[in-house]
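Okay, so here's the structure we're looking at.
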Amino acid sequence: MTDAKENENFSFQAEIKQLLHLLSHSLYQNKEIAIRELVSNASDALDKFRHVSLTDGKFADDKPLEIQIIPDNDKHILTIRDNGIGMTKEDLISNLGTIAHSGSLDYLKNLTGDSKKDVSLIGQFGVGFYSAFMLADRVEVVTRSYQEDNGWQWESFGTGEFTIAETEVEERGTSIRLHLKEDLEEFTNPERLKFILTRYSTFVPHAIIMDGEHVNNQQPIWVEPKSQLTEEQYDSFYQYLTHRSEEKPLWHLHLSADSPIQFHSILYCAPHNMEKMGFGVMEHGLHLCAKRILVESQCRELLPEYLRFVQGIVDSADLPLNVSRESLQDNTIFRKIAKVLTKKVLDHLQKMSESSTEEYLKFYDEFGMTLREGVNQDFENRMKIAKLLRFRSSDADGEGLTSLDEYLGRAKEDQTQIYYIGGPSLPQVKNNPNLEVFKRKGLEVLYLVDPVDEFMLAQLNTFEEKQIVSVDSADIEFPESTKSADDEQTAEAEEAASTPGFEKVVELFKEAIGEQVQDVRASKRLSEGIATLVSTGGISTQLEQALNMSAQQQSPMSKRILEVNASAALVKRLADISGNAEHYDFIKECGLQIYSNAMLSAGLLPNVDEMVHRVDDLLLNAAQSRSSIVT
Ligand SMILES: Nc1ncnc2c1ncn2[C@@H]1O[C@H](COP(=O)(O)OP(=O)(O)OP(=O)(O)O)[C@@H](O)[C@H]1O
């Protein structure tokens, strides 16, 4: 087998060198995962060969596809052999020397040196082969591709280099020969190996043979009736699929349908969102089988992007086995299955949100940020997704989360709109003067501290026929029923606003602020604050600012309306003195400062130099009008 010819030397990619160093020095106890990874690779290689032989008959033969586990106790060598697709020289260089998946590269770049944590994640980042170096200080890969008559021998001592040489190999497939580290003889003990294979590889869809014995002969669990499966079985299947041996899924969903399309599926949600931990968008996809045979291991088209937290398997007897991956999306049955799966996942989440609120909120906390992308991506299911969204709101003073349905359950009967307010932080949102009138009238307002939520609500536009509007919108309609709560205040404000003094103040403010605003007018919403900015474009100040910041070129903010509270003490005083033309300049200065203050409250930045000068002058003015005589 090892009649190797000339050796050619190669260097590993930098990240792999780092990984190998970590693996060979790892104190991580669970070395068994290396066997799991290698058996899983062997199984993948068998799947790939089966797919090739089904789509191109000339490669087919009648030898059973299987994985052999060959322990050699005398030589301390453990061999894992498959008669799968094999590798060419180029395959060896690219597959066992560099890493193609961007997610895996990100993972490797993020290695922290906390070997226990890092190493346990290896499988899920598609770098499983290298775990061989946890067990061995020398690894040989002897392989022959289904396309070639000759074979290749790859070899490495787990340092920075590997070698490749041409060699005779009798049969198609790959043997991984692990020259076990000194204290790891246990990995040639058949009893120990059997235990490991049963623990991690029960669900491998190909026969695993050791000493002539078939060690994994379990039925695929997805075709079994739900009632006959235990939580442990679901958990261990999750662990097998995801290579996360120490993790339990947050939830699972087992589906079986007979008509119009026959399929079985088990779907899982991971307990943690790796994207939240800064790993970038995770690689995702479901295992797709036709009549129990794997067609594609990461099929991304079965679920939309915004449900990428779902992992699992889908198996349909109605799908043709020799369907090529490229033509899958054109297959009607495939498209129908995809549609049903999306609906079932959304229905499951809805049910969960109603019957196990706590569990749902835990899920939402992890994956809500992914799910909400659906509002934009999936027009057909937009309303279903909207029902699954959760927000902070004034109802519980920003604590806890509410759904839009719950919001409407508390809304006034004649309320036609859903109100929200956006801002950079919860305290800032709560102190926004635009909220005043809503508090007075007992109207609930959603608090959005993430511009993405606001963007999403702007996209949604309506929910259950109620318009979704920002509290700083000029289009706010207050329910008739809330009028009386506000009567006194409105009457007072209307009276103050109708005086000639106030009209003069507005005129002078307009002159001073000029083109910077669309208009200056009396406010019907303020009772305590002096002034506020409202927007007319259907897009809130906060969102416009966020969009502007993410845009390549900053455009000027659209103009707002400055609403002034005619019954505020300062405004009343300005109205009183507006009969005397001598005070016009002072009133204008006040107008400019009031505008700057309103901008600051809305999270906008006024012209700071100008403002500082003006405040200095106003303070001087105030100081000068005080008497120096002690009374
Ligand atoms: N027994 C094998 N037969 C054929 N090719 C193999 C075999 N083992 C590994 N390979 C090739 O080497 C590549 C790298 O393997 P590695 O385990 O590091 O990652 P992966 O298998 O791509 O990821 P994952 O383990 O998450 O599926 C594989 O994608 C495959 O192309």
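Would you please state the base-10 log of I(q)/I(0) at q = 0.19, 0.20 1/Å for the range 178-336, with intensities from the Debye formula using one equal scatterer on every alpha carbon?
Calculated log10 I(q)/I(0) at the listed q: -1.26, -1.33.
Set Lys and Arg Cβ to +1 and Asp and Glu Cβ to -1, take the dipole of the chain about its Cα centre, and tell me which of Q219, Q489, L443 lies farthest positive.
Comparing the listed Cα positions along the dipole, Q489 ranks first.
Using a/c under 1.5 as the rounded threshold, could you call the range 486-624 rounded, prolate or oblate? The axes a ≥ b ≥ c are square roots of the C-alpha gyration tensor eigenvalues, and prolate needs a/b larger than b/c, oblate otherwise. List each step's numbers first, then the result.
Details: a/c = 2.19, a/b = 1.34, b/c = 1.64.
Judged from the Cα gyration tensor, the range 486-624 comes out oblate (a/c at least 1.5, b/c at or above a/b).
Taking a virtual spin label 7 Å from the Cα of E380 along the C-beta vector, which residues in the range 287-310 bring their backbone nitrogen under 18 Å of it?
Answer for this model: 300-308.
To the nearest 20 debye, what is the magnitude of the charge dipole of the range 350-447 about its Cα centre, counting +1 on the Cβ of each Lys and Arg and -1 on the Cβ of each Asp and Glu? Don't jump to the answer; show the numbers that get you there.
Working: 14 positive and 17 negative charges, 59 e Å.
My answer is approximately 280 debye.
For E528, E66, which order do you get if you count the other beta carbons within 10 Å of each Cβ and list the fewest first?
On the way: E528 11, E66 18.
By the 10 Å Cβ count, ascending: E528, E66.
Which ordering of R521, R573 is given by a fewest-first count of other beta-carbon atoms within 10 Å? It would help to have the intermediate numbers written out before the result.
Details: R521 18, R573 14.
With the fewest neighbours first, R521, R573 line up as R573, R521.
Say R0 is 30 Å: what FRET efficiency, to the nearest 0.05, do D576 and D617 get from their beta-carbon distance? Intermediate values should be presented prior to the final figure.
On the way: r = 21 Å, r/R0 = 0.71.
Computed FRET efficiency for D576 and D617 comes out at 0.90.
Need the list of aspartates and glutamates near K226 for cross-linking: C-alpha distance under 14 angstrom, and skip anything on the same chain fewer than eight residues off.
The qualifying aspartates and glutamates are D235.
What list of ³J(HN,Hα) couplings, whole Hz, do you get for the range 504-517 from phi and the Karplus terms 6.51, -1.76, 1.60, once you set θ to phi - 60° and write x for glycine and proline?
5, 4, 4, 4, 5, 4, 4, 4, 6, 7, x, 5, 5, 10
DSSP loop (so not H, G, I, E, B), at most 15 other Cβ within 10 Å: list which chymotrypsin sites (Phe, Trp or Tyr not before Pro) in the range 374-479 pass both filters. All intermediate terms of the calculation are to be shown ahead of the outcome.
On the way: sites: F379, F391, Y407, Y419, Y420, F438, Y447, F455, F463; in loops: F379.
For chymotrypsin sites (Phe, Trp or Tyr not before Pro) across the range 374-479 that sit outside H, G, I, E and B with at most 15 neighbouring Cβ atoms in 10 Å, the list reads F379.
Go ahead and run the numbers for FRET between R300 and E185, Cβ-Cβ distance against an R0 of 45 Å, rounding to 0.05. Let's see the in-between values first.
Numbers: r = 43 Å, r/R0 = 0.95.
With a Förster radius of 45 Å, E is 0.55.
Past 25 Å, Cα to Cα: identify those pairs from K524/K559; K181/K248; K17/K75, in the order given. Spell out each step's value before the answer.
Values: K524/K559 20 Å; K181/K248 32 Å; K17/K75 27 Å.
Going by Cα-Cα distance, K181/K248; K17/K75 fall outside the 25 Å limit.
Find out how many positive minus negative residues lie around K588, taking Lys and Arg as positive, Asp and Glu as negative, among other residues whose Cβ is under 14 Å from that of K588. Show your work: numbers first, answer last.
On the way: positive: K504, K510, R614; negative: E507, E511, E582, D585, E589, E610, D617.
Here the count lands on -4.
Give, rounded to the nearest 20 debye, the magnitude of the charge dipole that the range 143-235 has about its Cα centre when Lys and Arg contribute +1 at Cβ and Asp and Glu contribute -1 at Cβ.
Numbers: 8 positive and 19 negative charges, 70 e Å.
Magnitude of the dipole: close to 340 debye.
Could you sort out which of K466/K588; K430/K466; K31/K343 sit more than 31 Å apart by Cα distance in this structure?
Numbers: K466/K588 41 Å; K430/K466 23 Å; K31/K343 40 Å.
Too far apart for the 31 Å limit: K466/K588; K31/K343.
Taking only C-alpha pairs under 8 Å that are 6+ residues apart, what is the relative contact order of the chain in percent? Can you show the working numbers first?
Working: 1055 pairs, mean separation 56.1, N = 631.
Relative CO of the chain lands at 9 percent.
Is the range 564-616 best put as rounded, prolate or oblate by its Cα gyration tensor, with a ≥ b ≥ c the root eigenvalues, rounded for a/c under 1.5, and otherwise prolate when a/b is larger than b/c, oblate when not?
Details: a/c = 3.39, a/b = 1.51, b/c = 2.24.
In terms of gyration-tensor shape, oblate.
Can you compute the helix-only [θ] at 222 nm over the chain? Use -39500 (n - 2.57) per DSSP H run of at least 4 residues, normalise by all residues, nearest 500 deg cm²/dmol. The partial results should precede the final answer.
Numbers: 22 runs with 244 residues, N = 631.
Taken over the chain, the calculation gives -11500 deg cm²/dmol.
With a sphere of radius 11 Å drawn around the Cβ of F195, what net charge do the other residues whose Cβ falls strictly inside it have (Lys, Arg +1; Asp, Glu -1)?
On the way: positive: R192, K194, R199; negative: E32, E186, E191.
The answer is 0.
Would you please classify the overall shape of the range 382-484 from the alpha carbon gyration tensor, given that a ≥ b ≥ c denote the square roots of the eigenvalues, rounded means a/c under 1.5, and beyond that prolate means a/b larger than b/c while oblate covers the rest? Working shown, then result.
Numbers: a/c = 1.44, a/b = 1.08, b/c = 1.34.
Cα axes put the range 382-484 in the rounded bin.
Mind listing the phi-derived Karplus ³J(HN,Hα) values for the range 391-404, rounded to whole Hz, using 6.51, -1.76 and 1.60 with θ = phi - 60°, and x for any glycine or proline?
9, 6, 7, 5, 4, 10, 6, x, 8, x, 10, 10, 9, 5
Karplus couplings for the range 220-228 from phi (6.51 cos²θ - 1.76 cosθ + 1.60, θ = phi - 60°), rounded to Hz, Gly and Pro as x?
For the range 220-228, the Karplus-derived couplings read x, 6, 5, 8, 7, x, 3, 4, 9 Hz, x marking Gly and Pro.
Could you please rank Y146, Y268, placing first whichever residue has the fewest other Cβ atoms within 10 Å of its Cβ? If you can, show how the numbers build up before the last one.
Numbers: Y146 20, Y268 25.
Lowest count first: Y146, Y268.
For the chain, take the longest principal axis of its alpha carbons; what is the angle in degrees between that and the long axis of helix 608-624, to the nearest 10 within 0 to 90?
30 degrees
Report the charge-dipole magnitude of the chain in Debye, nearest 20, computed about the Cα centre from +1 at each Lys and Arg Cβ and -1 at each Asp and Glu Cβ. Don't skip to the end; give the middle numbers.
Numbers: 64 positive and 102 negative charges, 119 e Å.
So the dipole magnitude of the chain works out to roughly 560 debye.
Run the reach check for K439 against aspartates and glutamates, Cα to Cα strictly under 13 Å, same-chain hits fewer than 8 apart removed. What comes back?
K439 reaches D395, D397, D486, E528.
Just so you know, all these numbers are worked out from the coordinates, no wet-lab data involved. Because the structure is a prediction, the values reported are computed rather than measured. Cβ sites come from the backbone with ideal geometry, for glycine too, and all protein chains shown count toward neighbours.
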